[in-house]
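The values are calculated or read from the model by the stated rules, or taken from the named source; none is laboratory data. Computed from a prediction, not measured in an experiment: that's the story for all the values here. A quick note on method: Cβ atoms are made from the backbone with ideal geometry, for glycine too, and the neighbour counts reach across all protein chains shown.
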Amino acid sequence: MLKLKRISILIIFLLSVSCSAGSGKSSAQKKVDSTANANLVQAEILARLDSLETEVRDLRGKTEELEYKLNRILNTQVSGIESEIKRIKSKLPPPPIVPALQLERDLIFSKNWDAESAMLFRNGAEKLRSSEFREALDIFQQLLSNISHSLTLASLAVEKKALKERRAKVLFWIAVTYEGLGENIEALKVYNEIIKEHKKESIVPLAMLRLSSVLIRLKDFKTAKLTLRELIAKFPSSQEAQAARKKLKDL
């Protein structure tokens, strides 16, 4: 009886130890499983973040491409509009103070000049057409400065002759620009410079006719008449002489 009681106690003890061991093993396993799950979740989060970064980069690239295309379209349209405005301006008649026919002639003439001089003259002519006289004056004065510098470097007689002819034409347009600005005294000075220093140039008759108009504006009718008579005497068969005869009758 005592022996049976001891065996029962031993079985109970062993079962207790076994349960305790089983319980300990289950807790350790739970910790392992929990760590594994955390690692798995972290890996999934990192993978998702990588995917989001890729999507953001793709979206940024598409946005930049779209901006580039839109800017290119807008720039093309703006450029086209500017070109059209420029074309329309070039067809507009200049203000009355500007001799339109002579301007067209000199624009054609300037095509034989060097690229920079031709461009400056075209720009000045455009400013005259749109009555931007101050801007035109700046351009023509820059062109005159360039020509004067070229004259100091020129060695061939033919080259000097061409540059002097060009200089006379630019001086003429500077005088016209002064007229447009209402600066008649300055215009008078430049017209006189053309007549005195460029006597053989083809622009001289028109310069004399324009000079007479400036003198009339300044109420110097006596000198205006003398200028018109001199024009008729020196260039009797010119169109300017015909206009001078008519002016003399009106004075």
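Structure data summary
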read-out	value
Residue match in region 115-127 (condition: among the hydrophobic types (A, V, I, L, M, F, W, C), in a loop (DSSP other than H, G, I, E, B), within 16 Å of Ala168 (Cα to Cα) and in contact with a helix residue (DSSP H, G or I) (Cβ under 9 Å, 6 or more places away or on another chain))	no
Cross-chain or 6+ apart pairs with Cβ under 6 Å, region 170-191 first and within 13 Å of Ser131 (Cα to Cα), then of a type in the set (D, E, K, R) and surrounded by fewer than 24 Cβ atoms within 10 Å (Cβ to Cβ)	Tyr178/Glu186
The one condition in (1) crowded, with 18+ Cβ neighbours inside 10 Å; (2) at pLDDT below 95 that Leu251 fails to fulfil	(1)
Some residue of region 160-179 being over 20 Å from Phe235 (Cβ atoms) and small (Gly, Ala, Ser)	yes
Tally of residues being assigned to a loop (DSSP other than H, G, I, E, B) and either charged (D, E, K, R) or in contact with a Cys (Cβ under 8 Å, 6 or more places away or on another chain) (or both) across region 215-249	2
